[in-house]
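Right, one structure below, let's go through it.
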Amino acid sequence: MKIIGLTASPRAAGNTVTLVTKMLEDAASKGAETKQMDLAKLDIKPCKGCNYCKSHEDCVQKDDFAKVISEMKSADGIILGSPVYFFDITAQEKTFVDRLYSCVDAQFKSRIPSGKKIAFIYSQNTPNRAAFEQNLAKYDQVAGMLGFQNVGKFVSVGDVKANPVEIEGAVALEKKLFDTL
Ligand SMILES: Cc1cc2nc3c(=O)[nH]c(=O)nc-3n(C[C@H](O)[C@H](O)[C@H](O)COP(=O)(O)O)c2cc1C
């Protein structure tokens, strides 16, 4: 069983990376093969909107996006983590999400093998964990379009390193993901 964790925070040791690292550590301790990729550090250019991917199997742009998709295709479970920036995901994650357009064909059929499970991690400062629920629901739709089964989301609040409740919340979601695989 393979679980990959993708993070989209510019802060390499921030809350999102901390939570996803803990989740992958727990999965690895139970025998899963894990891989962590930092979307904020990879070379992933914005979608050109050229529609090349609607008459070809992949994206016209040859950058690190292909590496992430290759890992995704071989994974059983995916954890996608982003801080909340202005009530939404970061630009780094949105850039990645837009490029996922190349993973659906002209009939909007997913090119990613079906049956994969996905779990979302969000980090924010607003104490109300549900504050941005409506905005973040879009990414549940993206997952659905790609044929992923959505296991759920955990929204952390504040500095997670100082707060075991946040770590426990994220690891509980990973356990839920793990148990479906
Ligand atoms: C540009 C920017 C915009 C932000 N917008 C929000 C916001 O809309 N709501 C919120 O609760 N926190 C917001 N925050 C706080 C971050 O979501 C929070 O610090 C988060 O834990 C950062 O995650 P990271 O440590 O993984 O980078 C914002 C931070 C930045 C830098």
| query | Once a ≥ b ≥ c are taken as the square roots of the eigenvalues of the Cα gyration tensor of segment 107-181, is the result rounded (a/c under 1.5), prolate (a/b larger than b/c) or oblate (a/b not larger than b/c)? | reply | oblate
| Taking a threshold of 31 Å on the Cα-Cα distance, which of the pairs 48/175; 22/67; 48/73; 45/175; 22/48 fall above it? | 48/175; 45/175; 22/48
| field | Estimated vicinal HN-Hα couplings, Hz - segment 11-18 in sequence order (Karplus 6.51, -1.76, 1.60; Gly, Pro = x) | value | 8, 5, 10, x, 5, 4, 5, 4
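How large is the dipole of the chain about the Cα centre if only Lys and Arg carry +1 and Asp and Glu carry -1, each at its Cβ, rounded to the nearest 20 debye? Before the final figure, lay out each step's value.
On the way: 24 positive and 22 negative charges, 59 e Å.
In debye, rounded to 20, the chain gives about 280.
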| Around residue 159, what is the net charge, scoring Lys/Arg as +1 and Asp/Glu as -1 over all other residues with Cβ under 12 Å from its Cβ? | +1
| message | Rounded, prolate or oblate for segment 25-181? Axes are the square roots of the Cα gyration tensor eigenvalues, ordered a ≥ b ≥ c, and the cut-off for rounded is a/c under 1.5. | response | prolate
| Ordered by residue, what ³J(HN,Hα) values in Hz, to whole numbers, does segment 159-172 give under the Karplus form 6.51 cos²θ - 1.76 cosθ + 1.60, where θ = phi - 60° and Gly and Pro are x? | 6, 6, 5, 8, 9, x, 4, 6, 4, 4, x, 5, 5, 4
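Once the other residues with Cβ under 13 Å from the Cβ of residue 40 are scored (Lys, Arg +1; Asp, Glu -1), what is the net sum?
Every neighbour counted, the sum reads -1.
What ranking, highest mean first, results for peptides 3-15, 142-154 when packing means the other Cβ atoms within 10 Å averaged over each residue? Don't jump to the answer; show the numbers that get you there.
Details: 3-15: 20.6, 142-154: 17.4.
Order by mean packing, descending: 3-15, 142-154.
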| request: Can you bin segment 1-85 into rounded, prolate or oblate? Criterion: square roots of the alpha carbon gyration tensor eigenvalues sorted a ≥ b ≥ c, rounded for a/c under 1.5, prolate for a/b above b/c, oblate for the rest. | output: oblate
| remark: The local net charge around residue 129, scoring Lys/Arg +1 and Asp/Glu -1 for residues other than residue 129 whose Cβ lies under 13 Å from its Cβ, equals -1
| field | Potential extension, residue 35-residue 67 segment - 0.36 nm per residue separation minus Cα distance | value | 10.3 nm
| Distance between segment 83-120 and segment 123-175 - C-alpha centres, whole angstrom | 15
| Can you list the residues of segment 88-110 with backbone N under 20 Å from a point 7 Å past the Cα of residue 74, pointing along Cα to Cβ? | 103
| remark: As a percent rounded to 5, the proportion of antiparallel DSSP bridges among beta bridges in the chain is 5
| query | Which of 127, 83, 46 moves most in a GNM of the chain, Cα contacts under 10 Å? | reply | 127
| Gaussian network model of the chain, Cα within-10 Å springs - most flexible of 165, 104, 68 | 165
| Looking at segment 1-85, which GluC sites (Glu not before Pro) are DSSP coil and have at most 10 other C-beta atoms within 10 Å of their C-beta? | 57
| field | For residue 153, distant residues with modelled amide H under 5 Å away | value | 120
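A short reminder: the numbers here are calculations on the coordinates, not readings from a lab. If you're wondering where the values come from, they're calculated on a predicted model, not measured in any experiment. Here the Cβ is made from the backbone with ideal geometry for all residues, glycine too, and neighbour counts use every protein chain on show.
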